[in-house]
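The values are calculated or read from the model by the stated rules, or taken from the named source; none is laboratory data. Quick caveat: nothing in here was measured; it's all calculated off a predicted structure. Note: ideal-geometry Cβ built from the backbone for every residue, glycine included; neighbour counts use all protein chains shown.
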Amino acid sequence: MRRGLVSALATILASCLASGAARAEEELRIALASGQSTVELAGEGLAIYDGDVGDALVRAKGRGTARLVAKQDGLQIQGAPGAPSGTIRHVIVEATDAVAVGKGVYFGRVEVGPDPERRGQLLVVNRLPLETYLLGIVGSEMNPSWPLEALKAQAVAARTYAMQRRAMMRAANRPYDLASSVISQVYKGAERIRPAVIQAVKETRGEVMSHHHELVEALFHSTCGGHTVTAQQAFGSPVPYLQRQTCEWCRPSGRYRWSLSYTVPELSRRLSKAGLLKGTLRAVERTGPDDALRIQDGGGRRTLDPRQLRRALGFSTLFSERFSAHTKSGRVAFQGLGFGHGVGMCQWGARGQALEGRTYRQILEHYYRGIELKHMY
Ligand SMILES: [Zn+2]
């Protein structure tokens with residue numbers, strides 16, 4: 001991210017977030033990297049503190065850099081003037097605006113210490129306030145130029161999802177709340193912070209969805225293709241508020257209906273590579289998205305889990321598990337509905353509802369049945 005942009009964002013964040021801080025908001029711990037032998041740090045006014053006792057170990061005037069090197073039971077700080085030469089167990093890193101770790105730039109604090117899962121290596125965790133995290137994630141999960149009520153629905157869903165994950169990871173005593181696969185979206189997101197995203201996060205500050213006083217599993221996806229699917233159908237276990245809901249609002253999505261076709265030998269090669277075949281493929285048949293997927297190969301006829309087929313072909317190639325398939329004249333043709341797992345909020349549907357004048361509450365209540373909206377702070 002450009003340096004000027006980072007400073008500008010830091011200023012915006014500080015001013016717009018401080019205003020609503022009546023009650024303390026929650027902090028998220030996001031794993032940036034695990035199993036690291038070295039960690040490169042940089043930042044304006046870079047400061048490194050002993051994580052156990054709080055003493056300042058490094059404090060740069062102007063832009064500072066440092067390298068943390070994994071040691072048995074801790075780390076050593078290198079390349080920073082005045083840093084102690086001994087081993088420190090873990091450190092907290094701060095900077096005036098944002099901390100650069102490797103190629104990424106992060107708001108909030110960065111903690112580096114022994115990786116509990118990889119002995120002798122380092123775990124890097126970004127600690128940042130939930131609302132700051134949301135400013136990054138909302139614009140990457142949903143196009144920031146979409147209507148405000150859709151962005152607000154996305155903000156509440158993403159906040160609820162993060163809080164629910166946080167509770168789960170803390171109950172399991174894990175050293176972070178969200179894993180690094182999620183974090184890449186945050187940085188893409190940090191470039192996509194727009195006034196509308198800030199407004200959506202601010203106007204829903206602290207708001208989450210609950211069901212019988214428990215945080216909702218706020219799943220969402222791009223396009224449902226006409227109706228959402230139950231959690232039972234997609235993941236095999238029922239969730240009372242994740243039911244099938246009709247949705248025609250996502251019709252403008254380019255993935256509302258899609259088709260894809262392969263020659264039989266080409267599909268055979270791909271499925272073989274994924275270990276899904278016995279011998280070569282002869283045919284794939286599926287009458288509709290709710291029916292069994294049947295394949296015929298050297299081992300005869302049998303059914304295949306559509307999820308396995310989607311994983312083998314790629315999640316951005318076979319856009320959903322809701323498809324039909326027919327084999328004819330040496331080709332397998334897929335006709336599909338929607339993009340994503342189809343459970344919970346349909347994002348293109350949220351956009352369509354917002355364009356019709358529905359509020360973010362109405363949007364959320366449509367996709368998550370029987371839930372309540374409440375403020376955590
Ligand atoms: Zn939809």
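Below, the figures for the structure above:
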| item | result |
| --- | --- |
| Qualifying residue in the stretch 312-326 (condition: among the hydrophobic types (A, V, I, L, M, F, W, C), assigned by TED's automatic domain parsing to the domain that holds E203 and within 16 Å of the ligand (Cβ to nearest atom)) | no |
| Top-ranked residue in the stretch 207-230 [being of a type in the set (V, I, T) and within 9 Å of the ligand (Cβ to nearest atom); ranked as farthest from the chain's Cα centre (by Cα)] | T228 |
| Residue in the stretch 233-242 that is within 21 Å of the chain's Cα centre (by Cα) and either within 9 Å of the ligand (Cβ to nearest atom) or modelled with pLDDT under 95 (or both) present | yes |
| Qualifying positions in the stretch 255-286 - under 26 Å from the mean Cα position of the chain (by Cα) and either away from the ligand (no atom under 16 Å from the Cβ) or farther than 30 Å from M142 by Cβ (or both) | A274 |
| Residue match in the stretch 329-346 (condition: out of contact with any strand residue (DSSP E or B) (no Cβ under 8 Å at 6 or more places or on another chain) and small (G, A, S)) | yes |
| Every residue from the stretch 88-110 that is surrounded by fewer than 22 Cβ atoms within 10 Å (Cβ to Cβ) and touching a Pro at 6+ places or on another chain (Cβ under 9 Å) | R89, H90, G108 |
| Qualifying residue in the stretch 61-69 (condition: in contact with a Pro (Cβ under 8 Å, 6 or more places away or on another chain) and touching a residue at least 40 places away in the same chain (Cβ under 8 Å)) | no |
| Looking only at the stretch 68-86, and only at residues there that are closer than 16 Å to Q36 by Cα and exposed (fewer than 15 other Cβ atoms within 10 Å of the Cβ), the one that is modelled with the lowest pLDDT | D73 |
| Close pairs from the stretch 283-305: first assigned by TED's automatic domain parsing to the domain that holds E321, partner loosely packed, with under 12 Cβ neighbours inside 10 Å and of a type in the set (A, V, I, L, M), Cβ under 6 Å, at least 6 apart | none |
| Test: residue in the stretch 359-373 that is in contact with a strand residue (DSSP E or B) (Cβ under 7 Å, 6 or more places away or on another chain) and within 12 Å of the ligand (Cβ to nearest atom) | yes |
| Lone qualifier among G82, G113, G86, G54 - being assigned to a loop (DSSP other than H, G, I, E, B) and under 23 Å from P175 (Cβ atoms) | G54 |
| Candidates P252, P289 - the one that is closer than 19 Å to L313 by Cβ and within 16 Å of the ligand (Cβ to nearest atom) | P289 |
